[in-house]
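Single-structure report; data block below.
What follows draws every value from the coordinates through simple rules; no lab data is involved. Please read all numbers here as calculations on a predicted model, not as lab measurements. Backbone-built Cβ (ideal geometry, glycine too); neighbour counts: all protein chains shown.
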Amino acid sequence: MDVLLAVDALQTFYGKSHVLRGVSFEVPRGEITVLLGRNGAGKTTTLRSVMGLVPPRSGRIRFKGADVTGRPPHRVFRMGIGYVPEGRQIFPHLDVGENLRLAERAADGGTPWTLERIFEYFPVLRERWRQRGRSLSGGEQQMLAIARALFGNPDLLMLDEPSQGLAPRLVRELETIMVRLKGEGVTILLVEQNARMALGVSDRVVVLGKGAVVFAGATAEFREREAELKGRYLSV
C-alpha cells in the first residue's frame, strides 16, 4: 500500500480541552478515506491538525514521507495538501475568478488543474465567473470552494462536511465529482456526517469516538460491523 498521509499518535488540544487522544491512521494514495464520528469526536480537529491550523502537542504527521508536523498552513499547502473547510470560507467580496486565482499553485507532476479542466467539473463557475462569492447559492459556493482547492494542484484533497446544507440533487452531484476525482488519481480525506453518501464513495473508513480511533479499515470491513459501529459511535 502506497501511503500518502500517515497520522501517528496525535494529541491535540484547544487550550486545556484535550480533543485528539492518540489518533493514528493512514491514507493510501489514490483512494478516498472517510472520517466518521459524532459531533465533537475530533474529525474537524484532525483535518486542522494536518493542515497546521491547530498544531498537535505530540505525535507525528507525515506527508509524502516528509514530517509536516506543526508546519504553518501555507507551507503545508505548498507541499500539496488542499483543504476545503466546513462552511466553505470563500471570499464573499471577490468574484469567482479572483477566488480561484488566490489558490493557484504549479503542479508537481501529472495533469495540472487548468481553468478549462476546472470548468469541465464545475461548468456553473464559467457562467458565474464575474459574480462575487456572496451572490452565489450555497451549492455554487461549495463547488467554488472545491474548485479553489483543486486549482492548487493538490496531491491530497481534504474535504470537511462538503454535503452540509446541500439539496439531495447536489449531494448526488458531489458524489459523482469525488468518484471522478479519484479516477483521475486525486487522493481524498473526507469528513462527512452523511454516512450513506460517504460509505458509497469511500475505500477506507476511520471512525473516531471521543477523540480516539475506534475503527480503521476497508469500507468492506466496516460494512461487516456497520450495525455495531453505527449504534455505538455514529447514532445520535
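With a/c under 1.5 counting as rounded, go ahead and sort the range 119-182 into rounded, prolate or oblate using the C-alpha gyration tensor (a ≥ b ≥ c being the square roots of the eigenvalues; past the cut-off, prolate if a/b is larger than b/c, else oblate). Verdict is oblate for the range 119-182. Only one residue of S137, V84, A149 has its Cα farthest out toward the positive end of the dipole of the range 84-152, where Lys and Arg carry +1 and Asp and Glu -1 on Cβ, and that residue is S137. Each residue, R21 and R223, gets one label point 7 Å from its Cα in the Cβ direction; the gap between the two is 3.2 nm. Using the Cα gyration tensor of the range 161-218, with a ≥ b ≥ c the square roots of its eigenvalues, what is the shape: rounded (a/c below 1.5), prolate (a/b larger than b/c) or oblate (neither)? Taking the square roots of the gyration eigenvalues as a ≥ b ≥ c, the range 161-218 is oblate. Here's how it looks for Y83: its modeled amide H is under 5 Å from those of M158, which are all 5 or more places away or on a different chain. Taking the chain as the region of interest, the number of lysine pairs whose Cα atoms are within less than 18 Å, with members eight or more places apart or on different chains, is 5.
Is the shape of the range 66-125 rounded, prolate or oblate, going by the alpha carbon gyration tensor and its root eigenvalues a ≥ b ≥ c, with a/c under 1.5 for rounded and a/b larger than b/c for prolate? Taking the square roots of the gyration eigenvalues as a ≥ b ≥ c, the range 66-125 is oblate. Take S58 and V179, extend 7 Å from each Cα along the Cα→Cβ direction, and tell me the distance between the two endpoints in nm. That separation, rounded to one decimal, is 4.4 nm. Sorted on the mean count of surrounding Cβ atoms within 10 Å across their residues, most packed first, peptides 87-98, 158-169 read 158-169, 87-98. Rounded to the nearest 500, the helix-only mean residue ellipticity at 222 nm of the chain stands at -9000 deg cm²/dmol, with each DSSP H run of n ≥ 4 adding -39,500 (n - 2.57). Here the range 51-119 and the range 183-230 have alpha carbon centers that stand 23 Å from each other.
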